[in-house]
2 protein chains.
Amino acid sequence: MLDFYPVAIEKLIEEFAKLPGIGHKTAQRLTLYVLNLPKEEVDEFSKALVKARGTIKYCSICGNFTDTDPCAICSNPSRDKKIICVVEEPKDIMAIEKVREYNGVYHVLHGVISPMSGKGPDSIKLKELVSRMKDEIKEVIVATNPNVDGEATAMYISKLLKPLSIKVTRIAHGIPMGGDLEYADEITLSKALEGRKEI
Amino acid sequence: MLDFYPVAIEKLIEEFAKLPGIGHKTAQRLTLYVLNLPKEEVDEFSKALVKARGTIKYCSICGNFTDTDPCAICSNPSRDKKIICVVEEPKDIMAIEKVREYNGVYHVLHGVISPMSGKGPDSIKLKELVSRMKDEIKEVIVATNPNVDGEATAMYISKLLKPLSIKVTRIAHGIPMGGDLEYADEITLSKALEGRKEI
């Protein structure tokens, strides 16, 4: 760090650089941008930060971010409470909601089982998922990411819930729409063949 | 925007997305990251924003960002006040200072002459530069960026200061160190040939 930059600027650069995917150069660019903004806008940004962190909690039912408890989805009477979609993070709910086709509720694991990073079943919200099985659940759709940890977590959930005679399904893997067979990797292609359907 | 995300989160995503080079997806990622931070760290970030914007002003001599007036460079007695390096933005000072070889002072134009964007000589700090020529200036080094606007601004400054019999120089253009002749564009190569030196 060079000493000729005022402390307040260095400090803000440092704060920006703490954010994921933002290096020192970008942090500097963002800081200089902020310095040129009208004072009111910076105040608004600053307040938005504190407010978001301060007012947001997790839904006591599904674990999604919310400002009311239960969250908007869990307390929506038109949602089918008998279908639970299990996701890794709140942002996955965002992705699924955008499709506007799913009408069940969610369960956020806040992580995945990852033996490589020393994360066992107790480090994610599995107990909370099992405790929701008291109600009459028709189906649990496991929508963890299609990678090693996500698949392992899906298998674990399946084995955990099957004894309770609950239907556990996994989202389909295959060639993405608009994708190209030629560029699909072997595992995706094999999953696509395996999951073929009569038309 | 979907309605199930709490307002405070939407608001913070929106604020992040206003920053240059940060789209909606990145803004969402940054927001979710902030929500998982300890409360004190978010407070610190928030305060850094307001403080940086609030305490920072421009140096009345050179136009650099500063918290004292004159800035640390202009008030440093070991700096040679007779050599002025003219740059477009405060961040260019940062770049030159990193080299730790330049010992003169600076002048920040806060922009360039750009007829295409309707920015004439009056839109940048040229009058301020001319008024600094009252002191006994040995040399003005023009370090605007080597693009159309930067070159035009350099030419303009040269024509402005030459009548005052002040030595105006331009930083050298050429093949960057570690670069490859094969990949150099024609204009850079032509500048490199033109600026050749005896060794």
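Okay, here's what the table says:
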read-out: Unit charges at the beta carbon, dipole of the stretch A:7-55: most positive-side option, A:Val34, A:Gly21, A:Ile9; value: A:Gly21
read-out: Among A:Ala192, A:Ser46, A:Ile141 - extreme Cα towards positive end, dipole of chain A, charges at beta-carbon; value: A:Ile141
read-out: Within-13-Å neighbourhood charge of A:Asp149 [Cβ basis; K, R +1; D, E -1]; value: -2
read-out: Efficiency of FRET from Cβ geometry, A:Ala172 and B:Val148, R₀ 56 Å, rounded to 0.05; value: 0.60
read-out: Pairwise label distance in nanometres, B:Glu14 with B:Asp122, each label 7 Å out on the Cα-Cβ vector; value: 3.7
read-out: For A:Gly120, label point 7 Å along C-beta direction: distances to other copies, nm; value: 7.6
read-out: Percentage relative contact order, chain A, counting C-alpha pairs under 8 Å, at least six apart; value: 12
read-out: Listed residues A:Ile166, A:Ile84, A:Ile141, most fluctuating in chain A (Gaussian network, C-alpha, under 10 Å); value: A:Ile166
read-out: Buried area at the A-B interface (accessible, heavy atoms, 1.4 Å probe, summed, Å²); value: 5300
read-out: Listed residue (A:Met116, A:Met177, A:Tyr58) projecting farthest to the positive dipole end of the protein assembly as shown, Cβ model; value: A:Tyr58
read-out: Where rotation carries B onto A, the chain B residue whose Cβ is nearest that axis, in whole Å; value: B:Ser46, 2
read-out: Within the stretch B:7-55: Cβ-based charge dipole about Cα centre, in debye rounded to nearest 20 (Lys, Arg +1; Asp, Glu -1); value: 160
read-out: Distance (nanometres) between label positions extended 7 Å along Cα→Cβ at B:Val7 and B:Ser78; value: 5.6
read-out: Cα centroid separation - the stretch A:139-196 against the stretch A:38-102, whole Å; value: 25
read-out: Cross-link table B:Lys47/B:Lys98; A:Lys18/A:Lys47; A:Lys11/A:Lys98; B:Lys91/B:Lys119; A:Lys25/B:Lys167, entries beyond 30 Å C-alpha to C-alpha; value: A:Lys11/A:Lys98; A:Lys25/B:Lys167
read-out: Computed label-point distance, nm, for sites A:Glu44 and A:Leu164 using a 7 Å Cα→Cβ extension; value: 4.5
read-out: Charge dipole (debye, nearest 20) of the stretch A:65-198; +1 at Cβ of Lys and Arg, -1 at Cβ of Asp and Glu; value: 600
read-out: B:Thr153, B:Thr26, reordered so the largest accessible area comes first (probe 1.4 Å); value: B:Thr26, B:Thr153
read-out: Point-charge dipole on Cβ atoms (K/R +1, D/E -1) for the protein assembly as shown, about Cα centre, debye to 20; value: 640
read-out: Solvent-accessible surface ranking, highest first, for A:Asp69, B:Asp135, B:Asp92 at 1.4 angstrom; value: B:Asp135, A:Asp69, B:Asp92
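The values are calculated or read from the model by the stated rules, or taken from the named source; none is laboratory data. Note that the structure is a prediction, hence the values are computed from the model and not measured. Because the Cβ atoms are built from the backbone with ideal geometry, glycine has one as well, and the counts that use them run over all protein chains shown. Please note that ligands, DNA and RNA were not included when accessible areas were found on the heavy atoms of the full protein model with its side chains. Shrake-Rupley method; radii C 1.70, N 1.55, O 1.52, S 1.80 Å.
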